[in-house]
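Input: a single structure, listed below in C-alpha cells.
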Amino acid sequence: MTSPTETEVKIPLTASPDEFSKRLEKAGYAISAPRVFESNTLYDSSDGSLRTRGVLMRLREVGEKGVITWKGVAVPGPYKVRPEIETSVGSTEKLAQILHELGLDPQFRYEKFRTEFRKPGGAGVVTVDETPIGNFLELEGPGDWIDEAAAELGFAVSDYVLESYGRLYQQYCERRGIEPTHMVFACAEP
C-alpha cells in the first residue's frame, strides 16, 4: 500500500494456499503479484533501542529487489495500525553496510512465500503468506474494507491476529519449548 499509515490484520489459514487461492478467485480476486520468496531482516542497535521504542527497521529482499521499511509505534485498536515509510533500494548489501555504520545490525530474519491478490475496484490488498510456522491471510487497507473482505471470505473479527511475524514466531517456539532463532525455511521450498 502507498499510504503513510499501514492498516492490516492477519488470519491463520487452515486451508492450503492453493485451496484458499481458489476461494479468493471465486470471490472475484485475481493474482496481482505472483508467488515470490521474501527474505526479511530486522535491524536494531545492540541494546534493542528500536524495539524498546516500538519501532521497526526492516530490509526485505524479493528476488533481485530490495525494500527498506521503517514502521512506527502501533496505535491500539481492532486493526494493526502504524505509520510506515518504505522505498526500494539499489543494493541490499550496501544498505546493510550503511545500517551497520549507523549502529544497526541484523537481529531477526524471517522468510515467507507471498502471493498478492486484488479485486477490481477494491480498496485493499489480500496476501497469502506461506511461512515456516504456518500459512496466513493478510488483509491490508481501510478498516471497513478489511471487515467486509474478511466476512466475504468467511472470517470474523475474532479471527484477526494483530501480532507481527516475529511475535508469532516467539509464541510458536514457546508452545513447542524451543529456543527462538530465526523464522526461516529448512530448505528453499516448503
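Since every read-out is calculated from the coordinates, none of them should be taken as a lab result. Worth saying up front: this structure is predicted, and the values here are computed from it rather than measured. Neighbour counts are summed over all protein chains in view; Cβ atoms, including those assigned to glycine, are modelled from backbone coordinates with ideal geometry.
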Quiz item: Between the DSSP loop rule and a limit of at most 10 other Cβ atoms within 10 Å, which GluC sites (Glu not before Pro) in segment 43-145 are left?
Solution: Glu64
Quiz item: GNM on the chain, C-alpha springs below 10 Å: top fluctuator among Gly141, Gly124, Gly54?
Solution: Gly54
Quiz item: What is the count of Lys pairs in the chain whose alpha carbons sit under 30 Å apart, if the two are 8 or more places apart or on different chains?
Solution: 25
Quiz item: In degrees between 0 and 90, to the nearest 10, how far off the longest principal axis of the chain does helix 17-26 point, with axes built from Cα atoms?
Solution: 50
Quiz prompt | segment 5-176 - charge dipole about Cα centre, Lys and Arg +1 at Cβ, Asp and Glu -1, debye rounded to 20 | solution = 140
Practice problem: Round to the nearest 10 and give me the degree value, 0 to 90, for the angle of helix 165-176's Cα axis relative to the longest principal axis of the chain. | Solution: 90
